[in-house]
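In what follows, a single structure is set out as structure tokens and then discussed.
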Amino acid sequence: MLQRDTIFATSSTPGGWRAILRLSGPDAWTLALRQTAAPATPPHPGQIHSTRLAHTGLPATLLQMKAPRSFTGEDVAELHLPGSPAVLKSIHQQILAAGGRQALPGEFSARAFFNGRFDLTRAEGIAATIAAENDLQLRAAAQLRSGALHQWTAATADMLANLLALVEAGIDFSDEEGVSFISPAEFLRQIEAIMLRINTLIASAQRWERIDALPTVALVGMPNVGKSSLINALTGTARAIVSPVAGTTRDALLAVMPVAGSPGIRLVDTAGWEQGGGELAGKMKAAHDRARDEADLILWVSAMDQPQWVAPPRRGNDLWVMNKADLAQPGQKLPDGTDVFTSTRTGEGIEALRTLIVQKITSATMIGAEYFTINQRHRRLLEAAEESLQRARDNAGESMGQFPELLATDLRQALDSIGQISGTIAPDEILGRIFGAFCIGK
């Protein structure tokens, strides 16, 4: 993909009435012109030139785009012609004989990347657009192509580079008494700001691998707070077994809450949180943790007949539900921070809870200017950067004065991880995997 020869491919859908033959490289215009009865003097770049194919006389259209103002950053020519497979095969053979080369999958986009026309996240947006199967995936792909993630990456890398420069300046002047470019307190402040930025993206970004799945809400709480009853009330079914005996739910149960105009929202009824050991308790806890990790929204459920309320460790978009409102005692103090009070026996608060769930899920899963969609590669690199920064923060007290080289190493590793997201620093193996997923002619 790093060669500078002229490549070509049919970049339109096979079987159509019209076909687009695209060429890119130093001889793109010459090779395209040979296939037509066009004059030797080319039209102005960007103009559409009507002509005919040299060997068949069929009508065709020629377009020329000069470097660097083209998609690939090279000279590009497009030949629009009838979509006859026999005609296309003949022209392919003639271009090959004249020195052109059949493009590899993704090679046009790879050349655009290597020529600085866009970064790696935008290239992934192109691949995602090609593979999209629904409107939500198309919107997420458009968000990647827009460069929003690239802008976030560039800003984060700039913060890291500035911090690294201050640390390395301190190393260069370590022999100068009294010279300090950054204090330990300022170092910690900056590194924690960068970590918060990364952690916020990991926690709030839409996961690409789940973008076509139903949004998921997990109900979490102590045994016998009425999670199963809430599931039944919200879905209008008897999917979950209800019993006054604590611990009836022993595994994660699934049900779909109907929502007008959408496929619905998946509700996960998790096992009640219990202390203790044993194999069964371990398996229940594993199922519980898995449901929480995969949920777009968590409903922390408590009950009015359980006075040992503990404020749940909520994320920004979670809800705290106080169930069994019908069992409230006169004058009973209600906990601060509760989002909604419900009773599956009287129906109190059920519609309000359903409305809140839809609002929160819509907010959590929408694709907009302030939201990001990240894939597994992005997530892995973000987590690697976070680990490197965690080490630097933990070692700052010991290493700031005595071993600043260790801090610089951690910061460089974090910067490398962030840089790989947009392709500023990208191993060939990563690039090959990304562009290899494209189709021919893209």
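Only the coordinates and a few stated rules stand behind these numbers; no lab work does. Keep in mind the model is a prediction, meaning the values are calculated, not measured. Because the Cβ atoms are built from the backbone with ideal geometry, glycine has one as well, and the counts that use them run over all protein chains shown.
Would you please give the residues with an amide H less than 5 Å from that of GLY264, counting only those at least 5 places away or on a separate chain, with H modeled from the backbone geometry?
VAL259
Which ³J(HN,Hα) values in Hz, rounded to whole numbers, follow from the phi angles of segment 76-84 under the Karplus curve 6.51 cos²θ - 1.76 cosθ + 1.60, where θ = phi - 60° and Gly and Pro get x?
Calculated HN-Hα couplings, in order: 10, 10, 10, 10, 9, 8, x, x, 5 Hz.
Hey, fewest Cβ within 10 Å first, where do TRP300, TRP17 land in order?
Going from sparsest to densest Cβ surroundings: TRP17, TRP300.
Give me LYS89, LYS66, LYS324 ranked fewest to most by other Cβ atoms within 10 Å of their Cβ, as a rough exposure proxy.
By the 10 Å Cβ count, ascending: LYS89, LYS66, LYS324.
Would you be so kind as to identify which of SER11, PRO105, SER70 lies farthest towards the positive end of the dipole of segment 7-119, taking Lys and Arg as +1 and Asp and Glu as -1 on Cβ and the Cα centre as origin?
The residue sitting most towards the positive pole is SER11.
If you rank GLU168, GLU107, GLU387, GLU124 by fewest surrounding Cβ atoms within 10 Å, what's the result?
GLU387, GLU168, GLU107, GLU124
Would you mind calculating the gained length between ASP5 and THR237 on full extension (0.36 nm times residue separation, minus the Cα-Cα distance), in nm to one decimal?
Between ASP5 and THR237, full extension yields 77.1 nm more.
Under 15 Å from the Cβ of LEU58, count the other residues' Cβ atoms, weight Lys and Arg +1, Asp and Glu -1, and hand me the total.
Counting the neighbours of LEU58, the net charge comes to +3.
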